[in-house]
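Every number in this text was worked out from the coordinates using simple rules, so none of it is lab data. Here the structure is a predicted model, which means the values were calculated and not measured. Neighbour counts run over all protein chains shown; Cβ positions are idealised from the backbone, glycine included.
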Amino acid sequence: MKPEFGLEFVTCNLCESDKVLPFMTATDWFSQDDGQFSIVKCKECGLIYVNPRPHPDHMNLYYGEKYYTHGKAKTRETVSRRQQSAGLKKIAKSALLAHVQKDNNSQNKILNQMTGAVLLALFRNKIISRQRWGLVGKKGTLLDVGCGNGSFILGIHNDWLLDGKIKGVGTDIDSAAVDEAKNNEIDASIADSGTLPYQDRSFDIITMKHSLEHMHNPLKTLREAWRVTKDGGYIIIEVPNIESLGPRLFRDKWSAIDAPRHLYHFNPATLSLLVSKAGFDIEDIYKWKGSYKRDLTLKNLNKEWEKRNFSRLQKILLNKAYSIGLILIELIYRGGAISIRARKN
Ligand SMILES: [Zn+2]
């Protein structure tokens, strides 16, 4: 494959300006074909994007069977084993909700508060996400755009916090990923995010978990999402945060640069502007703890050290140092990813 094959120049997806500043030159570490891509920053609005970039028709050349969304979602066997401890989960859930909602009327107030605090510490990210995304106690239909192998929907269906009251379906442009989702009995279909096969106002919730950065036209995707959202429904988007420490420390080795598969790089400001322009009203924006897929960042660093012919000892020492460094960053730093919740009013 020729890395320069089928490249196209585009204007800014957010403000249509063609005035840009260079932001970074990024190697395609995943494909290992030495392809290099130019990432630019819009002079007018600050949106960061790959330009020139592969044409949508040729994009499949840059994914491949090993891309992580093609992997197996959690199997049904795992799910049924989880269901065996349903009683325990029920107790855990009531304790947790009592803690989070500061329920002082419960008979087991102190026990609930203590158990809840432990659970919150153990499952912090998951619990915060379910709460912040308004999913706890919610009943309705959910569409996951860019569902990959369906693991997010499967997680929602079997989540001990959610009682299975949310019915999710998914779309993805990638047929291999959709096949894998179907294997897990997820109602998934192959569809372009800019032309979704659903009637207006079909869904209570739309989710885009780490998919918007892959889209060729994020604004069109969001407008289409707005069309299929019910009045009063909402959208949840989660993307890597280009303003975080990762790209400053590791440049194009940061796992979320992932050129050219990640075509857009958002910060809280540019993501908010884009979501608002599509018609949604922003309700919540949140920065996630963690450095975003640290294993993949380390893998990319290793590929560079390999290229630079570092000795075996050098590589071992660097791996140890970076592993510890990345774990420390994850413990103390907030902001590797951002999520937004926005409503269609
Ligand atoms: Zn712009």
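Overall, region 189-345 carries a charge dipole of about 640 debye about its Cα centre when +1 sits on the Cβ of Lys and Arg and -1 on the Cβ of Asp and Glu, all other atoms neutral.
In this structure, the amide hydrogen of Gly336, modeled 1.01 Å from its nitrogen in the peptide plane, lies closer than 5 angstrom to those of Trp288, Gly290, counting only residues at least 5 positions away or on a different chain. Label zone of Asn319 (point 7 Å out along Cα→Cβ, amide N under 19 Å): in region 17-41 this covers 30.
Model label points for Lys138 and His58, set 7 angstrom from Cα along the Cα-to-Cβ axis, are 3.9 nm apart. Ranked for footprinting exposure by Cβ neighbours inside 10 Å, fewest first, Met59, Met215 give Met59, Met215.
Subtracting the Cα-Cα distance of Glu306 and Asp200 from 0.36 nm times their residue separation leaves 33.0 nm of extension gain.
Think of region 161-216 as having a plus end and a minus end, set by charges on the Cβ of Lys, Arg, Asp and Glu; of Asn184, Ile166, Thr195, Ile166 sits farthest toward the positive end of this dipole. Thinking of region 132-344 as a set of Cα atoms, what percent of all their pairs are more than 31 Å apart? Distances greater than 31 Å cover 25 percent of the Cα pairs.
For the residue pairs Lys299/Lys320; Lys277/Lys344; Lys167/Lys287, the C-alpha atoms sit more than 22 angstrom apart in Lys167/Lys287.
Each label was represented as a point 7 Å from its Cα along the Cα-to-Cβ direction; for Arg334 and Gln113 these points are 2.3 nm apart. Over the Cα atoms of region 283-323, the radius of gyration divided by the Kirkwood radius equals 1.23; this is the Rg/Rh ratio.
Remark: spin-label model distance Lys289-Lys230 equals 3.4 nm, labels positioned 7 Å along the Cα→Cβ axis.
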